[in-house]
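Single-structure report; data block below.
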Amino acid sequence: MTTIAIVGAGFSGTLLALHLLRNCAQDTHVVLCERHAQFGPGAAYATGNPNHLLNVPAGRMSAFHDRPQDFLEWLGAQDGTAMSVAGSFVPRRYFGAYIRHLLLQEIKRPSNAGRLKLVRGRVTALAEEADGFLLTLNRKRSISADFVVVATGNFPPEPPPGADPALLMSSSYRADPWAVDAFGGLDPDAPVLLIGTGLTMVDGVIELLDRQHRGPIHALSRRGLLPRRHPVNVSHPAIPARRQSFPTQLRALTRLLRQESERAEANGGCWQSVIDQIRPFTQDVWLDMSFADQQRFLRHLRRWWDVHRHRMAPNVADRIDQAIAERQLHLHVGRIDALTLTQTGARLTYRPRAGGDMATLDIARVVNCAGPGCDFERLIDPLIASLLETGMVRPDRLHLGLDVTATCALRDREGAVSNRLFAIGPVTKGAFWEMTAVPDIRRQCEFLAQHLGTLSKTMPPPQNPTFEDIASA
Ligand SMILES: Cc1cc2nc3c(=O)[nH]c(=O)nc-3n(C[C@H](O)[C@H](O)[C@H](O)COP(=O)(O)OP(=O)(O)OC[C@H]3O[C@@H](n4cnc5c(N)ncnc54)[C@H](O)[C@@H]3O)c2cc1C
């Protein structure tokens, strides 16, 4: 019998489990470990707020690339009406329910009886054994596995620079924007600061507006870039690209995207369609790009790429525009100098990007919406800390996640490639860059399931004697 343990049951871990059950031999068992109560939705799709919408149209959110209608069909079966329109942006919690439904179906399949074990608990450490791994979980439990896949997904943002530790420890600061209590217990007239101006900040503003918050909402980032909106009219004509290829030199690629966007707009199309045309190829382009260009991209263009690539649903964008027009939402552009605890909450001092004197703001609560933390050496997470400490993994050289090969195998501290320890999802962004959205992750899960299916058949059987066993015999 072969056991494959998956750490994390968000979209990535859950989908991988489904594919493993389908791809691996009948004597392969899958153990899916999740620290939270729900298996399936993960951080992105657990939100209870019906106005937190998918930022990808429903028609592109199928869990299976070869069955593109699957999510739409499931939506249609729920209420059979407008919700199942391919271009619509539906509540994210529906997608969470869809993933849970897929998991349940798989559990019920008679051929899977006894092959999938759901373990609720936090994996805190991993130890190599002669015949695989021993996973340590909270409440003094442990699991043995032949293969392990790290699918721990998105971590909360890193603490803001210049923040007073006393503030970070206080109830005026919320480190995790996805936690249920991030916006709870606030005076509706109190001023709030959201750090960051990306999609997480957008979620935060929607949450506050839905809670009838009346006080000022401040959002601060170094460049003040807001995510762009999806076009309302998705039937814009697709303007075919003039070239059949994408350059992998950053300068040439940027020039091409600019020119094509201008041409699309001039011909009655939209720039969004140009970005969408490169999406299926972004991983190939990234893998071929020189390290120097990857660094340049992250330093100078990353924020621009993010706001054009990860866009707001039109309804959401309308509400953000309205909050700005009504002067409830204030966007500040600058660099944090200090963030300190006060009698009434917190005080922000920042240096405006436009120059001039330091600016200050007094706020009742600070919510860190700066986007997922990905510098693994700075994360506060027992499992990641233990993996790094024992040298079983290392950060990728761009510090976007963990160092993996093109086949998702983790590299250890010396760079050696593991044949039993793998990673999927946002953890692998350093290797693939675009490994965030469902269309990218679903392909990765399919691929890794096939790969592990083959490996589990061809790997030597476990219980090989160790050198110590032989020496002492
Ligand atoms: C707020 C938000 C909205 C998004 N919206 C969209 C969208 O509309 N469309 C889209 O395509 N993409 C969206 N994304 C991108 C999203 O990253 C992916 O779609 C996908 O959900 C990532 O899944 P994941 O399983 O890798 O990570 P996660 O969803 O973060 O799941 C990881 C899971 O691992 C568990 N875990 C972590 N550590 C441990 C441990 N040590 N032991 C046990 N369990 C552990 C966590 O509890 C969590 O459930 C969004 C992301 C976010 C953050």
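The values are calculated or read from the model by the stated rules, or taken from the named source; none is laboratory data. Model, not experiment: these values are computed from the prediction. Glycine also receives a Cβ, built like all others from the backbone with ideal geometry; neighbour counts cover every protein chain displayed.
Scanning region 92-108 for any residue that is part of a strand (DSSP E or B) and either in the same structural domain as Leu18 (by TED's automatic domain parsing) or within 16 Å of the ligand (Cβ to nearest atom) (or both) turns up nothing. Scanning region 184-206 for residues being surrounded by fewer than 21 Cβ atoms within 10 Å (Cβ to Cβ) and more than 11 Å from the ligand (Cβ to nearest atom) gives a total of 8. Among the candidates Asp146, Asp176, Asp187, the residue that is assigned by TED's automatic domain parsing to the domain that holds Leu383 and in contact (Cβ under 8 Å) with a residue 60 or more places away in the chain is uniquely Asp146.
Looking at the structure I just gave you, is Pro157 at pLDDT below 95, in a loop (DSSP other than H, G, I, E, B) and crowded, with 20+ Cβ neighbours inside 10 Å? Steps first, please.
Working: at pLDDT below 95: yes; in a loop (DSSP other than H, G, I, E, B): yes; crowded, with 20+ Cβ neighbours inside 10 Å: yes.
Here the answer is yes, as Pro157 does meet what is asked.
Among residues of region 311-324 that are under 18 Å from Ser273 (Cα atoms), those with a Cβ under 9 angstrom from a residue that is among the small types (Gly, Ala, Ser), sequence gap 6+ or separate chain, pair up as Arg311/Ala317; Ala313/Ser88. Filter region 409-429 down to the residues that are in contact with a Leu (Cβ under 8 Å, 6 or more places away or on another chain) and touching a residue at least 60 places away in the same chain (Cβ under 8 Å), then identify the one that is farthest from Leu452 (Cα to Cα). It comes out as Val427. Filtering Leu253, Leu301, Leu331 for residues that are surrounded by fewer than 18 Cβ atoms within 10 Å (Cβ to Cβ), touching a residue at least 12 places away in the same chain (Cβ under 8 Å) and assigned to a helix (DSSP H, G or I) leaves a single hit, Leu301. Annotation note: of Ala175, Ala179, the sole residue that is within 15 Å of the ligand (Cβ to nearest atom) and farther than 21 Å from Asn51 by Cβ is Ala175. When you scan region 308-318, do you find a residue that is more than 16 Å from the ligand (Cβ to nearest atom), out of contact with any strand residue (DSSP E or B) (no Cβ under 8 Å at 6 or more places or on another chain) and at pLDDT below 95, even just one? No, the conditions are met nowhere in region 308-318. Asn51: within 15 Å of the ligand (Cβ to nearest atom) and among the polar types (S, T, N, Q), yes or no? Yes: the conditions hold for Asn51.
Right, Phe64: within 11 Å of the ligand (Cβ to nearest atom) and either within 17 Å of Gly10 (Cα to Cα) or surrounded by fewer than 21 Cβ atoms within 10 Å (Cβ to Cβ) (or both) or not? Before the answer, list the steps.
Details: within 11 Å of the ligand (Cβ to nearest atom): no; either within 17 Å of Gly10 (Cα to Cα) or surrounded by fewer than 21 Cβ atoms within 10 Å (Cβ to Cβ) (or both): yes.
It is false that Phe64 is within 11 Å of the ligand (Cβ to nearest atom) and either within 17 Å of Gly10 (Cα to Cα) or surrounded by fewer than 21 Cβ atoms within 10 Å (Cβ to Cβ) (or both).
Here Ser171 meets each of (1) surrounded by 15 or more Cβ atoms within 10 Å (Cβ to Cβ); (2) out of contact with any Leu (no Cβ under 8 Å at 6 or more places or on another chain) with one exception, condition (1).
Residue-wise test of (1) of a type in the set (D, E, K, R); (2) near the ligand (Cβ under 8 Å from one of its atoms); (3) closer than 25 Å to Arg229 by Cα.
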| position | (1), (2), (3) |
| --- | --- |
| Gly13 | no, yes, no |
| Gln26 | no, no, no |
| His36 | no, yes, no |
| Ala43 | no, yes, yes |
| Pro68 | no, no, yes |
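Okay, residues lined up against (1) within 17 Å of the chain's Cα centre (by Cα); (2) of a type in the set (Asp, Glu); (3) at pLDDT below 95:
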{"residue": "Leu361", "(1), (2), (3)": "no, no, no"}
{"residue": "Val367", "(1), (2), (3)": "no, no, no"}
{"residue": "Gly371", "(1), (2), (3)": "yes, no, yes"}
{"residue": "Leu379", "(1), (2), (3)": "yes, no, yes"}
{"residue": "Val393", "(1), (2), (3)": "no, no, no"}
{"residue": "Gly425", "(1), (2), (3)": "yes, no, no"}
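Within region 35-91, the residues that satisfy the criterion of being among the basic types (Lys, Arg) and in contact (Cβ under 8 Å) with a residue 24 or more places away in the chain are Arg35, Arg60.
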